[in-house]
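**Student:** Got a structure for you, written out below as structure tokens; questions coming shortly.
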Amino acid sequence: MEKPVTIENYNPNWVTEFEHEKAKIKEVLKDKPICVEHIGSTSVKDLCAKPILDIMTGVQHLDEVDKFIDPLKTIGYEFVAHKEFPERRFFRKGQWRAGTHHLHIYKFGSEEWNNHLLFRDYLSTHPDIRKQYQQLKQNLSQKHHLDRVGYTQAKAPFIRYVIEEAKKKINSM
């Protein structure tokens, strides 16, 4: 059964939870050269969010990720193949369509990696855009209450807009 799209007020415990999860990920992946970042709405102070922790790990080569499947399984992450996203490897903690943690693995420094950081950082430093995004999320959570895919797809144009604005700002410096 599909879990409803629920948006919660910002919770400062999300940062603590991320740090705890980051330590667990680094422990099970031990000597693998990785960078771990908190992304998504739970990473942006004062932004409401679905209570799902989004974590991004960077690797030198995506083919390394096959070696991560068993170690990550020991801390509750299940590998989910997504052929429509060839530049990402995805792991979920929790039930299908009701996960509690999403682990996205990208090539470190790739466009996808950089776009996630640009989006997070732009929302963190632009309260007016953060408020617009929050309002959009709240509206879409009502419109797509039982449709997580629809909710995510409906946010995509705004996310692309913010990333482009962030790139323009960087290029104008």
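**Student:** Give a quick list of trypsin sites (Lys or Arg not before Pro) in the range 23-54 that DSSP marks as loop, anything other than H, G, I, E or B, with at most 13 other Cβ atoms within 10 Å.
**Tutor:** In loop regions of the range 23-54 (DSSP not H, G, I, E or B), the sparsely surrounded trypsin sites (Lys or Arg not before Pro) are K30, K45.
**Student:** Considering amide H positions built from the backbone, and no H for Pro or chain starts, which residues 5 or more places from K107, or on another chain, come under 5 Å of its amide H?
**Tutor:** V59
**Student:** Residues with amide H under 5 Å of C48's amide H, sequence separation 5 or more or different chain, H placed in the peptide plane at 1.01 Å from N; which?
**Tutor:** Here the answer is Y10, since their amide H atoms fall under 5 Å of that of C48.
**Student:** Taking 22 Å as R0, compute the FRET efficiency from the Cβ-Cβ separation of E8 and V149 and round it to 0.05.
**Tutor:** Computed FRET efficiency for E8 and V149 comes out at 0.65.
**Student:** Could you work out which residue, out of N115, N139, N11, moves most in a Gaussian network model of the chain, that is, has the largest mean-square fluctuation with Cα springs under 10 Å?
**Tutor:** N139
**Student:** Let me ask another. First check a/c for the range 69-173, with a ≥ b ≥ c the square roots of the eigenvalues of its C-alpha gyration tensor; if it is under 1.5, answer rounded, and if not, answer prolate when a/b is larger than b/c or oblate otherwise.
**Tutor:** The shape class here is oblate.
**Student:** For the range 129-154, list residues with backbone N below 18 Å from a point placed 7 Å from the Cα of E165 toward its Cβ?
**Tutor:** Counting backbone N atoms under 18 Å from the label point, the list is 129-140, 154.
**Student:** Under a point spin-label approximation (7 Å from Cα along Cα-to-Cβ), what is the M173-D66 distance to one decimal in nm?
**Tutor:** 3.9
**Student:** Please compute the modelled spin-label separation between D46 and S110, points set 7 Å along Cα→Cβ, answer in nm with one decimal.
**Tutor:** 3.4
**Student:** Measuring from centroid to centroid over Cα atoms, what is the spacing of the range 68-98 and the range 135-159 in Å?
**Tutor:** Taking the Cα centre of each part, the range 68-98 and the range 135-159 sit 22 Å apart.
**Student:** Also, I was wondering about something else. Using the Karplus curve 6.51 cos²θ - 1.76 cosθ + 1.60 with θ = phi - 60°, what ³J(HN,Hα) values do you get for each residue of the range 38-47, in whole Hz, with x for Gly and Pro?
**Tutor:** Residue by residue, the range 38-47 yields 8, 10, x, 5, 5, 8, 10, 4, 6, 10 Hz.
**Student:** Based on the Cβ-Cβ distance of K24 and N139, what FRET efficiency does E = 1/(1 + (r/R0)^6) give at R0 = 22 Å, to the nearest 0.05?
**Tutor:** About 0.05, to the nearest 0.05.
Every number in this text was worked out from the coordinates using simple rules, so none of it is lab data. Source: prediction; values computed, not measured. Ideal geometry is used to build each Cβ from the backbone, glycine not excepted, and the neighbour counts take in all protein chains shown.
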